[in-house]
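S.K.: Before I ask anything, let me first share the structure, which is written out below as structure tokens.
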């Protein structure tokens, strides 16, 4: 008898467990080396189950995982806002979130706090450094 890896209601996803790799880079490499038909089968199976995925509320606190400075606007509406810093934060609860950084001199593992800021026609997730 083998140990159950997935909860019973998700057993139909067992053929796709080879995609469950320990780092975010390994699935990327797998996608790069798989035919599009295999990728489509995987995503079709996963996407139809998205309504069953657990949603969570996060505190917004975390540590900087990575960051970059954008010097080119990705949309004409942002042409007056470059350069700006985009930050990838590992939230205290585990998942990662990406947003803008409001501040100067950012370093990996800096502690930050996120907040949703209302803008004209949209809402931005903006992180700022927390101080002890």
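S.K.: Any chance you could count how many residues in segment 1-54 are at pLDDT below 80, over 20 Å from the mean Cα position of the chain (by Cα) and in a loop (DSSP other than H, G, I, E, B)?
M.R.: Going through segment 1-54 one residue at a time, the tally reaches 7.
S.K.: Considering only segment 79-87, I want to know if a residue exists there that is surrounded by 11 or more Cβ atoms within 10 Å (Cβ to Cβ) and within 24 Å of residue 23 (Cα to Cα).
M.R.: yes
S.K.: Let me ask something else. Checking the structure you have, find out if any residue of segment 114-130 is over 30 Å from residue 14 (Cβ atoms), in a loop (DSSP other than H, G, I, E, B) and in contact (Cβ under 8 Å) with a residue 60 or more places away in the chain. Can you show your working first?
M.R.: Keep residues of segment 114-130 that are over 30 Å from residue 14 (Cβ atoms), which gives 114-130.
Those left that are additionally in a loop (DSSP other than H, G, I, E, B): 120-121, 130.
Cutting the leftovers down to in contact (Cβ under 8 Å) with a residue 60 or more places away in the chain gives us 130.
Yes, some residue in segment 114-130 is over 30 Å from residue 14 (Cβ atoms), in a loop (DSSP other than H, G, I, E, B) and in contact (Cβ under 8 Å) with a residue 60 or more places away in the chain.
S.K.: Oh, and also: In segment 55-71, which residues are under 21 Å from residue 101 (Cα atoms) and not in a strand (DSSP E or B)?
M.R.: The answer is 57, 58, 59, 60, 71.
S.K.: Taking the criterion of being out of contact with any strand residue (DSSP E or B) (no Cβ under 7 Å at 6 or more places or on another chain), over 30 Å from residue 10 (Cα atoms) and at pLDDT 90 or above, would at least one residue in segment 74-96 satisfy it? Even if it seems obvious, please write down each step before you answer.
M.R.: Narrowing segment 74-96 to residues out of contact with any strand residue (DSSP E or B) (no Cβ under 7 Å at 6 or more places or on another chain): 74-81, 93-95.
If we keep only those that are over 30 Å from residue 10 (Cα atoms) as well, we get 74-81.
Applying the additional criterion that residues be at pLDDT 90 or above yields none.
No: segment 74-96 contains no residue that is out of contact with any strand residue (DSSP E or B) (no Cβ under 7 Å at 6 or more places or on another chain), over 30 Å from residue 10 (Cα atoms) and at pLDDT 90 or above.
The values are calculated or read from the model by the stated rules, or taken from the named source; none is laboratory data. Because the structure is a prediction, the values reported are computed rather than measured. Counting neighbours? That spans all protein chains shown, and the Cβs are built from the backbone with ideal geometry, glycine included.
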